[in-house]
Amino acid sequence: MTSPQDKVLAVVVTYHPDAGLAQRLRALRAEVGAVLVVDNASPDFAAIEAAAREADCQVIGNRTNLGVAAALNQGADAALAGRFAWLALFDQDSLISQGAIAALLGLYDRHPAREAIAVLAMSHRDRATGADYHRRGDILEETGGWRSVRTTITSGSLVRREALESLGAFDDRLFIDGVDHDFCLRCRGAGRLVIEARGQVLEHSLGAIARRRVLGRGVPLSNHSAARRYYITRNSLELSVRHFGRDPLWSVRELAHLATSNAAVALLEADRRAKVGAMLQGAWHFATRRFGPRLPESRPMGSGEAA
């Protein structure tokens with residue numbers, strides 16, 4: 001007998017994951033019909049492949065780092081070719097709880113506007129701070145069981161097959177950072193919904209969050225690498241302009257967040273010179289319309305850095 005979860009293909013994008021990958025893959029494999037691990041040229045690919053095979057997962061090993069978006073698109077291609085109804089997206093450090101996928105699909109069945117849903121996601125909580133990921137104004141509608149949001153992050157999201165077929169997949173020119181927000185905004189621009197389940201929470205890490213006290217106030221610092229600051233700057237500028245007509249409020253808030261976070265990096269984080277240089281280069285490449293990897297065969301995430 002098949003279950004609704006059997007119609008879900010999960011894709012996990014890896015780059016030099018930690019030793020807990022095998023455990024996380026086993027937990028995920030028990031919740032879905034199939035799991036595809038797409039590795040972006042990790043130096044320890046043999047160990048990743050062994051962990052995936054042991055957990056009964058399929059594996060694709062890219063010879064170079066193609067970026068997060070291209071790897072997700074490999075998963076989307078597999079989902080469409082396999083006639084799966086949903087594509088579930090997970091980061092390499094995400095540990096799913098038992099029954100989470102079934103709960104999301106149950107929410108889909110109960111939702112009053114389910115045919116309009118393009119992305120169905122878990123809620124997200126930062127491991128370091130315990131805070132959720134919503135900025136003010138992100139939530140468009142909320143009930144006891146779900147919230148309609150402007151955008152949601154990749155990990156813990158289920159994308160409907162219909163959305164992939166009608167809207168296309170992920171923009172691989174972005175490479176990394178903003179890939180999820182771009183897709184959500186495209187979905188909402190086409191009249192689809194992005195829904196988060198309030199009862200399913202996934203812990204996630206955005207960089208190595210720390211707080212510094214400045215004039216009596218706590219200032220959050222992501223401590224991303226210089227390479228990640230490049231992609232964050234370039235892609236935030238791009239998406240703010242690209243989606244201004246669809247959601248001007250999101251675009252203005254994204255620009256404001258970029259300005260304040262980059263200022264905090266320039267003033268308070270370590271390795272400031274390299275990071276400021278990367279941010280300036282990102283802005284320049286946005287202005288000159290240069291996308292894709294920062295450098296040929298770039299490996300922007302660094303060892304084990306989560307997207």
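The values are calculated or read from the model by the stated rules, or taken from the named source; none is laboratory data. Not measured: the values here are computed from a predicted model. A quick note on method: Cβ atoms are made from the backbone with ideal geometry, for glycine too, and the neighbour counts reach across all protein chains shown.
Side notes on the structure shown:
- The residue pairs whose first member lies in segment 1-21 and is free of Cβ contacts under 8 Å to residues at least 40 places away in the same chain, whose second member is assigned to a strand (DSSP E or B) and surrounded by fewer than 24 Cβ atoms within 10 Å (Cβ to Cβ), and whose beta carbons are closer than 9 Å, counting only pairs six or more residues apart or on different chains, are Asp6/Ala34.
- Checked against (1) touching a Gly at 6+ places or on another chain (Cβ under 7 Å); (2) under 23 Å from Gly189 (Cα atoms), His111 meets all criteria but (1).
- Verdict on Ala103 being within 26 Å of Arg24 (Cα to Cα), surrounded by fewer than 22 Cβ atoms within 10 Å (Cβ to Cβ) and assigned by TED's automatic domain parsing to the domain that holds Arg188: yes
- Search result, residues across segment 246-282 that are in contact with a Ser or Thr (Cβ under 9 Å, 6 or more places away or on another chain), surrounded by fewer than 17 Cβ atoms within 10 Å (Cβ to Cβ) and either part of a helix (DSSP H, G or I) or modelled with pLDDT of 95 or more (or both): Val252, Leu255, His257, Ala264, Ala274, Leu280
- Boolean, Asp109 is of a type in the set (Asp, Glu) and either surrounded by fewer than 20 Cβ atoms within 10 Å (Cβ to Cβ) or farther than 20 Å from Val241 by Cα (or both): yes
- Of the residues making up segment 128-155, just one is more than 24 Å from Val11 (Cβ to Cβ), without any contact (Cβ under 8 Å) to a residue 60 or more places away in the chain, of a type in the set (A, V, I, L, M) and part of a loop (DSSP other than H, G, I, E, B), namely Ala131.
- The residues on offer are His181, His243, and the sole one that is outside the structural domain of Ala100 (by TED's automatic domain parsing), modelled with pLDDT of 95 or more, closer than 25 Å to Met122 by Cβ and crowded, with 17+ Cβ neighbours inside 10 Å is His243.
- Residue in segment 78-100 that is surrounded by the most Cβ atoms within 10 Å (Cβ to Cβ), counting only those that are in a helix (DSSP H, G or I) and touching a Leu at 6+ places or on another chain (Cβ under 9 Å): Ala79
- Applying the condition of being of a type in the set (Val, Ile, Thr) and more than 13 Å from the chain's Cα centre (by Cα) to segment 115-155 and asking which residue is surrounded by the fewest Cβ atoms within 10 Å (Cβ to Cβ) yields Thr143.
- Some residue of segment 41-55 being surrounded by fewer than 20 Cβ atoms within 10 Å (Cβ to Cβ) and either within 23 Å of Asp182 (Cα to Cα) or of a type in the set (Phe, Trp, Tyr) (or both): yes
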